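S.K.: My questions all concern the structure below.
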Amino acid sequence: MAELYPVNETFLSWQGEGVHLGRKAFFIRLQGCPVKCTWCDSASTWHPQYVPKQVRKATAEELAAEVLAAQPEFVVLTGGEPCIHDLSMLLAAMAAVKLPVHLETCGAYPIADGFAWVTVSPKWAKPPLAESLARADEVKLIVEEADSIEKWTAAVGGKWLSNHVWLHPEWSKRADPIILKAITEKVKNVGAPYRAGWQVHKPYAADSLDERARPPAPLGGDPTKGF
Ligand code: SF4
């Protein structure tokens, strides 16, 4: 029987982060994440208060047909945490229509073979596997405190395997001068592999221009919201 994937949303937009910034991309956001970060910006994939009443279930072939109709340069498979699902049929369906698939993952679960690009964004609540960090084409560190960069660098033994370690301010702190200064100083003092980053699609509101996109759930980090 064909695998049915739980889909939170799909939309055509452009990649707003990382090495592929600004390129036309089709996003598939799968439902479900056991990591539960306190500042999650995709709470509708897991938080009981924000999950959709009905979650779409789609076959790999249905998703591939939807992507093909949009003619993107590549697919971004995101979540939630995509790697909690068996992605083999989805990757096979995209390969059959020659669509490269990029992955966004926290790296805590095994990464299937077949992705054209892998972004690992490690989370303290469920740290990444060594094999995920070794596979990462780029790393995205969420800088939530002034010492976040040092803590993550120490956690990986002082050396990153990826050539691109993006430093992104946690979005609710994107104007916090302490966070922004920590990122700037790190890049100025060390340079590669560190790169200053930003979620450029958010000020553009690029994703929400597609009517298939779900209105964003509130950002976390606020106990009154429950996460
Ligand atoms: S890993 Fe990602 S989707 Fe899961 S809770 Fe953390 S920020 Fe949200």
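Each value in this text was obtained by applying a stated rule to the coordinates, not by laboratory testing. Every value quoted in this text rests on a predicted model; they were computed, and no experiment measured them. Please note: Cβ atoms are built from the backbone with ideal geometry, for glycine as well, and neighbour counts cover all protein chains shown.
S.K.: For segment 181-192, just list the computed ³J(HN,Hα) in residue order, Karplus coefficients 6.51, -1.76 and 1.60, θ = phi - 60°, integers in Hz, with x standing in for Gly and Pro.
M.R.: Couplings: 5, 4, 5, 4, 5, 4, 5, 5, 7, 10, x, 4 Hz.
S.K.: Step through the residues of segment 136-149 one at a time and calculate ³J(HN,Hα) from phi using the Karplus curve (6.51 cos²θ - 1.76 cosθ + 1.60, θ = phi - 60°), rounding each to whole Hz and writing x for Gly and Pro.
M.R.: Computed from phi, the couplings for segment 136-149 are 4, 6, 8, 10, 10, 8, 8, 8, 9, 9, 4, 9, 4, 5 Hz.
S.K.: Measuring from centroid to centroid over Cα atoms, what is the spacing of segment 8-32 and segment 191-205 in Å?
M.R.: 14
S.K.: Setting aside same-chain residues fewer than 8 positions from LYS159, which lysines have a Cα under 19 Å from its Cα?
M.R.: LYS159 reaches LYS123, LYS140, LYS151, LYS186, LYS188.
S.K.: Taking the Cα-to-Cβ direction at ALA125 and at VAL190 and moving 7 Å from each Cα, how far apart do the two end points lie in nm?
M.R.: Result: 2.5 nm between the two label points.
S.K.: When the Cα centres of segment 154-168 and segment 60-110 are compared, how far apart do they sit, in Å?
M.R.: Spelled out, the Cα-based centre of one part sits 25 Å from the other.
S.K.: A follow-up question, please. Any chance you could run the full-extension gain for ILE178 through VAL156? It's 0.36 nm times the residue separation minus the Cα-Cα distance, nm to one decimal.
M.R.: Details: separation 22, 0.36 × 22 = 7.92 nm, distance 2.36 nm.
Roughly 5.6 nm would be gained on extension.
S.K.: Let me see the pair-distance distribution of the chain: every alpha carbon pair, 5 Å bin width, integer percents in order.
M.R.: 1, 7, 14, 19, 21, 18, 12, 6, 3, 0, 0
S.K.: Just to verify a number: FRET efficiency for ALA2 and GLN49, C-beta to C-beta distance, R0 = 30 Å, to 0.05?
M.R.: Values: r = 31 Å, r/R0 = 1.05.
That pair, ALA2 with GLN49, gives E of 0.45.
S.K.: If amide hydrogens are placed 1.01 Å from N in the peptide plane, which non-local residues have theirs closer than 5 Å to the one on ARG56?
M.R.: Those lying under 5 Å, H to H, from ARG56 are VAL7.
S.K.: Have a look at GLY22, GLY114, GLY158 and tell me which one the Gaussian network model of the chain (Cα, springs below 10 Å) gives the largest fluctuation.
M.R.: Maximum among the listed residues: GLY158.
S.K.: Between PHE27, PHE115, PHE74, which gets the highest mean-square fluctuation from a Gaussian network model of the chain, Cα cutoff 10 Å?
M.R.: Of the options given, PHE115 has the highest mean-square fluctuation.
S.K.: Something else now. Using amide H atoms built in the peptide plane, which far-off residues or other-chain residues are under 5 Å from TRP39 H to H?
M.R.: Those lying under 5 Å, H to H, from TRP39 are GLY221.
S.K.: So how do VAL75, VAL97, VAL118, VAL67 line up by other beta-carbon neighbours within 10 Å, fewest first? Intermediate results must be reported in sequence, preceding the final value.
M.R.: Numbers: VAL75 26, VAL97 11, VAL118 19, VAL67 23.
Going from sparsest to densest Cβ surroundings: VAL97, VAL118, VAL67, VAL75.
S.K.: Then there is this: For segment 86-227, give me the percentage of DSSP beta bridges that are antiparallel, rounded to the nearest 5 percent. Don't skip to the end; give the middle numbers.
M.R.: Numbers: 1 of 15 bridges.
Restricted to segment 86-227, the bridges split so that about 5 percent are antiparallel.
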